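A quick write-up on the structure given underneath.
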Amino acid sequence: MSYLNDVLENIKAEKDGKFYEAVSEFFDSLKEYIDENEEFLKKNAILEKLTTPDRIIQFKVVWNDDNGNERVNNGYRVQFNNSLGPYKGGLRFAENVNVDTFKFLGFEQIFKNALTGQPIGGAKGGSDFTSKGKSENEIKRFCQSFMSELFKYIGPYQDVPAGDIGVSSREIGYLFGQYKKLTNQFNGTLTGKNPLYGGLNGRSEATGYGLLYITKYLLENRGLSLEGKTVVVSGAGNVASFAIKKATELGAKVLTFSNSKGYVLDEEGIDVDLFFEVSKNSNNIVKDYAEKRSSAKYFESEKPWKVKADIVLPCATENEINREDAKTIVSNGTICIAEGANMPTDNEAKEVIFNKKDLLYIPAKAANCGGVSSSLFEMSQDSGYVYWSSSMSDKQLDRTMKNLADDMEKVVKETGKDYQYAANYLSFKKVVKAIVEQGL
Ligand code: NDP
């Protein structure tokens with residue numbers, strides 16, 4: 001058995017879940033490179049080091065609901081690897097999370113962060129608490145209690161959390177406020193803050209905008225443009241909102257968006273102003289948008305993948321595209337899939353996608369790294385007490401995505417492999433070099 005197979009077997013025995021799926025996808029794509037360098041990698045136990053988090057912190061979060069009852073949730077922070085810089089990665093508040101979720105997301109984050117070219121390590125965390133259906137006071141009390149434990153393990157040079165699913169600038173505000181109360185320090189420990197108190201202008205937009213910038217550059221390399229293309233978007237949260245906005249600004253027509261309850265199809269193209277207007281006060285933006293727009297139709301409990309479009313941007317959650325969905329997308333003649341969400345395409349769906357050689361597939365690590373890259377701009381801004389304008393952060397984001405597109409294109413041309421390989425190869429090499437040189 002090869003070194004790679006040994007390591008994968010060990011993880012499989014430990015737990016068969018999303019973490020295993022992410023690790024096997026990553027290493028499988030690098031199999032040839034790993035086999036060629038087996039002696040060096042094995043001697044330095046690189047694969048074991050990369051699949052074993054530096055530490056996993058799990059804690060109890062006790063908070064009071066509005067009826068005076070005490071409630072208990074689990075809090076997590078997986079500090080996976082800091083060979084390139086302080087741990088960095090979002091906090092997710094969602095009912096269906098566990099240690100496996102955060103190990104999977106933390107593992108992906110190491111390599112995504114490496115692709116930005118900035119000094120940031122990988123981490124991820126959160127809780128099985130959800131803000132959905134909670135009052136403002138309940139959310140505040142939960143965030144304060146969560147931070148009362150987490151603050152012991154984070155800091156501007158140690159670990160810098162941000163938002164993710166279920167954690168927007170509202171939750172970040174409460175978390176940051178509690179961090180300050182406990183430490184008596186105003187520093188850049190959390191990113192995704194309101195620009196009023198240290199947040200970056202353009203951070204909310206960055207993941208969605210970055211997704212469109214890298215898509216634009218990689219399409220241009222094929223002599224194509226976003227102008228006039230039709231786009232299917234899933235999700236209606238942070239990433240999806242700004243992907244819709246930027247795609248529209250760049251001349252594309254966005255046909256759909258979705259949430260956990262269904263999707264909306266708007267044949268005339270999503271009206272961006274109406275989308276943001278409705279999103280301010282809606283518990284189900286998909287349904288409410290469709291009610292306000294005559295050209296839109298609401299499809300309850302359905303995913304948007306059967307809608308025919310040139311470009312598909314999954315921006316909701318993991319494993320939202322399965323094998324059957326991928327077959328539909330391919331048979332619709334789609335020319336590009338760019339992943340705004342983390343691991344939205346499961347491994348079986350990827351097999352279908354990779355069989356269609358001329359389909360441009362941009363993997364999440366590269367496609368959505370604009371968000372974390374901008375978080376580092378926020379950290380720089382906070383540590384230097386300087387101010388970045390929206391245009392400054394947008395220009396820098398655009399440059400980051402262009403550099404990454406160029407680097408990936410070079411690998412694709414040199415090896416004849418795909419962009420998933422390029423992203424994995426570029427990030428793996430950086431992290432391995434940092435681990436070996438620092439004796440970690
Ligand atoms: P949000 O919480 O803002 O939005 C998530 C969206 O996805 C909501 O519309 C939600 O609908 C929908 N959704 C969640 N679960 C499901 C499901 N099972 N089926 C269908 N729709 C679902 O999260 P973000 O936009 O921040 O994150 C989206 C994805 O992008 C995640 O994978 C995240 O890890 C990734 N990402 C985010 C970054 C960021 O900067 N925010 C950076 C890099 C990656 P509903 O409201 O009904 O639950």
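If you go through region 349-402 and keep only what is open to solvent by 70 Å² or more (accessible area, probe 1.4 Å) and over 19 Å from L219 (Cβ atoms), you end up with E351, N355, S383, Y385, V386, Y387, S391, M392, K395. Of the numbered criteria (1) buried (at least 24 other Cβ atoms within 10 Å of the Cβ); (2) closer than 30 Å to N281 by Cα, the one Q144 fails is (1).
Under the condition of being out of contact with any helix residue (DSSP H, G or I) (no Cβ under 6 Å at 6 or more places or on another chain) and within 16 Å of the ligand (Cβ to nearest atom), which residue from region 183-226 is farthest from E149 (Cα to Cα)? Per the criteria, the residue is T215.
Under the condition of being away from the ligand (no atom under 12 Å from the Cβ) and polar (S, T, N, Q), the residues counted in region 323-372 number 6. Taking region 326-338 as the range and being within 18 Å of the chain's Cα centre (by Cα) and touching a residue at least 60 places away in the same chain (Cβ under 8 Å) as the test, only A338 passes.
I154 meets the conditions (1) open to solvent by 20 Å² or more (accessible area, probe 1.4 Å); (2) touching a residue at least 40 places away in the same chain (Cβ under 8 Å); (3) more than 12 Å from the ligand (Cβ to nearest atom) in every case but one. The failed one is (1).
In the condition set (1) at pLDDT 95 or above; (2) open to solvent by 10 Å² or more (accessible area, probe 1.4 Å), L50 is compliant with all but (2).
Checking the structure you have, find out if any residue of region 289-299 is at pLDDT 95 or above, of a type in the set (A, V, I, L, M) and not in a loop (DSSP other than H, G, I, E, B). Checked region 289-299: at least one residue is at pLDDT 95 or above, of a type in the set (A, V, I, L, M) and not in a loop (DSSP other than H, G, I, E, B). Here region 18-32 is the region considered, the condition is being crowded, with 21+ Cβ neighbours inside 10 Å, within 17 Å of the chain's Cα centre (by Cα) and not β-branched (V, I, T), and the residue that is farthest from K42 (Cα to Cα) is K18.
On inspection, A338 does not qualify as buried (at least 16 other Cβ atoms within 10 Å of the Cβ) and touching a Cys at 6+ places or on another chain (Cβ under 6 Å). Among the residues of region 76-99 satisfying the criterion of being away from the ligand (no atom under 15 Å from the Cβ) and farther than 19 Å from T191 by Cβ, which is surrounded by the most Cβ atoms within 10 Å (Cβ to Cβ)? Among those residues, the one meeting the criterion is S83.
Would it be correct to say that F276 is open to solvent by 10 Å² or more (accessible area, probe 1.4 Å), near the ligand (Cβ under 10 Å from one of its atoms) and aromatic (F, W, Y)? For F276, the condition - open to solvent by 10 Å² or more (accessible area, probe 1.4 Å), near the ligand (Cβ under 10 Å from one of its atoms) and aromatic (F, W, Y) - is not met. Per the conditions (1) open to solvent by 20 Å² or more (accessible area, probe 1.4 Å); (2) more than 12 Å from the ligand (Cβ to nearest atom); (3) within 22 Å of K112 (Cα to Cα), the sole criterion not satisfied by K292 is (3).
Any idea how many residues of region 235-271 are under 22 Å from K193 (Cα atoms) and of a type in the set (S, T, N, Q)? Total meeting the criteria: 2. Scanning region 234-272 for residues that are open to solvent by 20 Å² or more (accessible area, probe 1.4 Å) and within 19 Å of K303 (Cβ to Cβ) yields A236, G237, V239, N259, S260, K261, L265, E267.
The single condition from (1) in contact with a Cys (Cβ under 9 Å, 6 or more places away or on another chain); (2) in contact (Cβ under 8 Å) with a residue 40 or more places away in the chain that V436 fails is (1).
Residues that are out of contact with any helix residue (DSSP H, G or I) (no Cβ under 8 Å at 6 or more places or on another chain) and among the charged types (D, E, K, R) within region 31-54 comprise E32, E36, E39, K43, D54, listed in sequence order.
Considering region 299-323, the residues that are open to solvent by 50 Å² or more (accessible area, probe 1.4 Å) and in contact with an Asp or Glu (Cβ under 9 Å, 6 or more places away or on another chain) include one that is farthest from Y263 (Cα to Cα), namely R323. Among the residues of region 166-185, the ones that are touching a strand residue (DSSP E or B) at 6+ places or on another chain (Cβ under 7 Å) and either open to solvent by 20 Å² or more (accessible area, probe 1.4 Å) or among the small types (G, A, S) (or both) come to 1 in all.
The values are calculated or read from the model by the stated rules, or taken from the named source; none is laboratory data. These numbers come from a predicted model, not from an experiment. Cβ sites come from the backbone with ideal geometry, for glycine too, and all protein chains shown count toward neighbours. To get the accessible areas, we keep the full protein, side chains included, count just its heavy atoms, and leave off ligands, DNA and RNA. Shrake-Rupley method; radii C 1.70, N 1.55, O 1.52, S 1.80 Å.
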